[in-house]
Amino acid sequence: MPSSSTTPPSLAALRARYGPRYRWLSLATVMLGTIASIMASTIVNVAVPDMSQYFTLGQDRAQWLAAGFMAAMTVSMPLTPWLLERHGYRRTYSGAVLLLLAGSIAGGLANSYALVLAMRITEGLAAGVLQPIPAIIILRGFKPEEQGRAMGLFGFGVVLAPALGPSIGGVLVEWFGWRSIFFVASPFCLLALPLAWKMLPHSAPGGAEVNAQGVRLDLGGLALATLTILLGLNGLALLHGGSMGWGAGLLCASAATLAVFVRRQRVTPQPLMRLDLLAHRRFKLGSAVAFVYGAALFGSTYLLPVFMQIALSLPPSQAGAVLLPAGIVLAITIPLVGRTAMPATRAAFIFSGLVLLAVSFAAMLVVGRGTSLALITALAVLGRIGLGCILPSLNLAAMEGIEPALVAQGMSMINLLRQLGGATGVSLVGVFLAWRLEVAGSATSLQAFHEAFILLAALTAMAALAARGMRHPRRRN
C-alpha cells in the first residue's frame with residue numbers, strides 16, 4: 001500500500017481517519033497560518049515611530065509600512081480560489097506559509113527601508129492567500145447550525161494575534177529594537193507547516209480533483225486589479241503636499257482601470273472575480289459594509305499606537321499594554337456572539353457593533369495628555385466589544401443564499417473588499433494625519449489626531465447605515 005508521503009491524502013481519506021473531529025482539526029490547522037499573517041500585519045504598527053526615526057521617514061512614507069502590506073494582501077486575495085482549484089488545500093496553504101516565513105525573516109535582517117518595505121509586501125502577498133481559507137473550510141465543511149460556533153471559535157483564535165501583538169511588540173521594541181517584531185510570526189509558521197502536511201487534503205474545495213480541466217488564471221484581470229489598487233493608493237498618498245494634481249490624476253486613472261476591469265470580468269468565461277455575486281442583495285450590502293468597516297478598522301489599528309506614542313508620549317510597552325485588555329474582551333465576545341447570533345439577528349449584531357465602534361472613535365476627542373490610562377483602556381474595550389459583534393456575523397450574513405460552488409469566490413471577494421478598504425483606510429488616515437499635523441504646525445498636535453478619529457467615526461457610521469439594509473424582512477402573521 002503506498003505511503004502517505006507518496007500518495008497525498010484525499011478529503012475522504014482524512015475524514016475516515018479522524019472521524020467527525022476532522023473538520024475541527026483542519027480549522028485549527030489553517031488558523032495557525034492566519035494568526036501568523038494577522039500578527040505580521042498588526043504588530044509592526046507599534047514600531048512605526050522607531051522605524052521612522054531609524055530610516056528618517058515622514059508620516060507619508062511611514063504609513064506605507066502598513067499600507068504596502070494591506071495593498072499586497074488585497075492584490076493576492078483573488079488568487080485563492082484559483083490556487084485552491086489548481087493546487088489544492090495542502091500545497092496552496094503550505095506555499096503561502098513558506099512565503100510569509102521568508103518575508104518575516106528577511107524583513108528582520110534588512111538594512112534599508114526599501115528592502116523592509118519589499119518584505120512587508122511579500123508578507124502581504126502570503127497573507128492575502130491565507131486569509132479566505134478558514135472561512136471557506138467553515139462554509140464547506142460545517143453544517144449550517146455549526147457554522148456560527150465554528151466562526152466564533154475561529155474568531156477567538158484570530159483576535160489573539162492583534163490582542164497580544166501590540167503588547168508583545170511594544171516590549172520587544174523597547175528591549176531588542178524594531179527588528180525583533182518581524183520574527184514574532186515565525187514560530188506560528190514553523191508549527192503550521194508540518195500540521196498542514198498532515199491535516200490538509202491535496203484536493204480542491206469540496207473534495208474535487210486538483211488541476212481541473214480548463215481552470216486558467218485571468219492574468220489580464222489580475223493585472224488590471226493590481227494596477228487599479230496601486231494607482232489608487234499612490235493617488236491618495238500624493239494628495240498631500242505639492243503633488244495634489246498628480247494625486248488626482250492617479251485617482252482618475254485608477255477609476256478608469258477599475259471600469260475596464262469590471263467590463264472584462266463580465267465578459268471573460270473564467271473571470272478572476274464573479275461579479276454576478278453582487279446580484280444577491282445581502283451579499284452586495286455585506287460587501288459595502290466590509291469595505292467601509294475595513295477602512296475604519298485598519299485605519300484605527302494604525303492610528304491608535306501612533307497616537308499614544310507621539311501625541312500622548314507613552315512608551316511602546318505602555319501603548320501596547322493599553323490595548324491588551326481590549327483584545328482579551330474581544331476574544332471573549334466573539335465566541336459568545338458566534339454561538340448566539342442566528343440568521344435573523346446577524347444584521348442587528350453587525351449594526352450594533354458598528355455603532356459601538358463609531359462611539360469609541362468619537363469619544364477619543366476627550367483623550368489628552370492628562371487622561372488616565374484607565375479611560376483610554378475603557379474606550380478601547382468599548383470598540384472591541386463592537387468588533388466582537390461584527391466579526392462572526394458579517395461573513396455568514398453576507399453569504400446567505402450563495403450556492404456552495406461559489407463559496408470560495410464569495411469569501412475571497414468579501415475578504416478582498418475588507419482588505420482593500422483596510423489599505424485605503426491606512427493610506428487615508430496617514431495622509432489626512434500628515435496634512436492636519438502640517439496645518440497645526442506641530443508633529444504632536446492633539447487636535448490633528450482628534451480630527452483623524454472623527455474621520456474614522458464617520459466611516460464607521462456609513463458602514464452602519466449599509467448594515468441596516470441587511471436585515472431580514474419582518475414576517476407577517
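Here, each number is a calculation from the coordinates, and none is a lab measurement. Bear in mind that the values here come from a model prediction, so they are computed numbers and not experimental data. With ideal geometry, Cβ positions are generated from the backbone for all residues, glycine too; neighbour counts draw on all protein chains shown.
Data table
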item	result
Distance in nm between pseudo-label sites at Val366 and Ile332 (7 Å out along the Cβ direction from Cα)	2.2
Principal-axis tilt of helix 316-340 within the chain, Cα atoms, nearest 10 degrees	40
Ascending count of other beta-carbon atoms within 10 Å, so fewest first, for Trp197, Trp64	Trp197, Trp64
Volume of the Cα convex hull of the stretch 223-271, divided per residue and given in Å³	44
Estimated vicinal HN-Hα couplings, Hz - the stretch 20-31 in sequence order (Karplus 6.51, -1.76, 1.60; Gly, Pro = x)	x, 6, 4, 4, 6, 5, 5, 5, 4, 5, 6, 4
Length added when fully stretched, Leu446-Ala405, from 0.36 nm per residue minus Cα-Cα	9.7 nm
Angle in degrees between helix 219-238 and the longest Cα principal axis of the chain, rounded to the nearest 10	10
Within-13-Å neighbourhood charge of Met73 [Cβ basis; K, R +1; D, E -1]	+1
Estimated [θ] at 222 nm from DSSP helical runs (n ≥ 4, -39500 (n - 2.57)) normalised by residues in the chain, nearest 500	-25500 deg cm²/dmol
Distance between the stretch 272-347 and the stretch 384-428 - C-alpha centres, whole angstrom	10
Leading residue at positive end of dipole, the chain (Cβ point charges), from Gly95, Leu365, Ala347	Ala347
Nitroxide proxy distance, nm - points 7 Å out along Cα→Cβ at Gln270 and Ser112	3.9
Trypsin sites (Lys or Arg not before Pro) within the stretch 367-450: DSSP coil, no more than 15 neighbouring Cβ in 10 Å	Arg369
Unit charges on C-beta of K, R, D, E only; dipole of the chain, Debye	1460
Contact order relative to length of the chain, as percent, for alpha carbon pairs under 8 angstrom and 6 or more apart	24
Viscosity 0.692 mPa s, 37 °C: Kirkwood-radius Stokes-Einstein D of the chain over Cα pairs, µm²/s	146
Exposure proxy ranking, count of Cβ atoms within 10 Å, fewest first, for Tyr22, Tyr93, Tyr54	Tyr54, Tyr22, Tyr93
Neighbourhood net charge (13 Å Cβ-Cβ; Lys/Arg +1, Asp/Glu -1) for Ser41	+1
Cα shape, the stretch 70-190, gyration tensor, a/c 1.5 rule	oblate
Nearest-ten-degree value, helix 407-440 long axis tilted from longest Cα axis of the chain	10
